[in-house]
Amino acid sequence: MTAAKTPDENKMALIFALRSQGFRDQTVLHAMEAVDRGAFVNDTFADRAYDDTPLPIDCGQTISQPFIVALMTEALQVGPRDKVLEVGTGSGYQAAILAKLARRVYTVDRHRTLVRSARERFDAQGFTNITTHAADGSFGWPEQAPFDRIILTAAAEDPPSPLLAQLKPGGIMVLPVGQSDTVQTLIQVKKTENGLEYHEIRSVRFVPLLEGMV
Ligand code: SAH
């Protein structure tokens, strides 16, 4: 019988899996190494917390596949002075990784239950630079705008215009776009002096960005 792996060994195995898929951004890998994905999944899935796979969370939502979290974080190019908005808190895992890289992370979800449990996880793990809010994030977070970086972890048909408006000049937004029931495209949007620049990253599958609160 093999002994159960420690959380550190599990985390190392996950980092190794990301590297072996060709992921090379050391800054992002360090941030992912510093966050325990096991603390963000329900006990039912504890034995799969470090697999490179999406998993169900409460309210019929999903914690993203670590490889996609890594790619999105890399595309966001977060720096230590950045103020970041995340739309789609879900489990809180992506926000926790961003919080290792940014000055402050503002994260919103339309499911109050998810926001509450993410908040408990952040507090239990000593995160002091994450602000949570239960709201429809399609409208962004006007009171806290503008943001250096904006990430959506739910798919919109197009980048929501309030979010584009809340992005600082020179800012970057990363989001999946497309119909919810088909394959979507992960894109990076840069706000430059000459307008918006769009870059396609790869195909993805995310839950849809929906209106209103639950
Ligand atoms: N980033 C998460 C994964 C999120 S799944 C993680 O690391 O676990 C997508 C989330 O987007 C879901 O929790 C869903 O409730 C949320 N969502 C969908 N539409 C939304 C909207 N309009 N405003 C805010 N959150 C939304």
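Per-structure values
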{"read-out": "Condition met for residue 153 (more than 22 Å from residue 68 (Cβ to Cβ) and hydroxyl-bearing (Ser, Thr, Tyr))", "value": "no"}
{"read-out": "Scan of the stretch 87-110 for residues that are among the hydrophobic types (A, V, I, L, M, F, W, C), within 6 Å of the ligand (Cβ to nearest atom) and touching a Leu at 6+ places or on another chain (Cβ under 7 Å), ordered by number", "value": "87"}
{"read-out": "Criterion: in contact (Cβ under 8 Å) with a residue 40 or more places away in the chain, over 10 Å from the mean Cα position of the chain (by Cα), assigned to a strand (DSSP E or B) and within 16 Å of the ligand (Cβ to nearest atom) - qualifying residue of 84, 35", "value": "84"}
{"read-out": "Subset of the stretch 53-71 [outside any helix (DSSP H, G or I) and open to solvent by 40 Å² or more (accessible area, probe 1.4 Å)]", "value": "54, 56, 61, 62, 65"}
{"read-out": "Residues of the stretch 52-76 that turn out to be touching a strand residue (DSSP E or B) at 6+ places or on another chain (Cβ under 6 Å) and either under 17 Å from residue 146 (Cα atoms) or away from the ligand (no atom under 11 Å from the Cβ) (or both), as a count", "value": "2"}
{"read-out": "Answer from 148, 136 - the residue that is within 12 Å of the ligand (Cβ to nearest atom) and either within 26 Å of residue 13 (Cβ to Cβ) or modelled with pLDDT of 95 or more (or both)", "value": "136"}
{"read-out": "Residue 181 surrounded by fewer than 18 Cβ atoms within 10 Å (Cβ to Cβ), modelled with pLDDT under 95 and not hydrophobic (A, V, I, L, M, F, W, C)", "value": "yes"}
{"read-out": "3 or more residues open to solvent by 30 Å² or more (accessible area, probe 1.4 Å): qualifying strands (runs of 3 or more DSSP E) within the stretch 99-156", "value": "130-134"}
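The values are calculated or read from the model by the stated rules, or taken from the named source; none is laboratory data. Treat the numbers as computed from the prediction; the structure is a model and nothing was measured. A quick note on method: Cβ atoms are made from the backbone with ideal geometry, for glycine too, and the neighbour counts reach across all protein chains shown. These area figures cover heavy atoms from the full protein model, side chains too; ligands, DNA and RNA do not enter into them. Shrake-Rupley method; radii C 1.70, N 1.55, O 1.52, S 1.80 Å.
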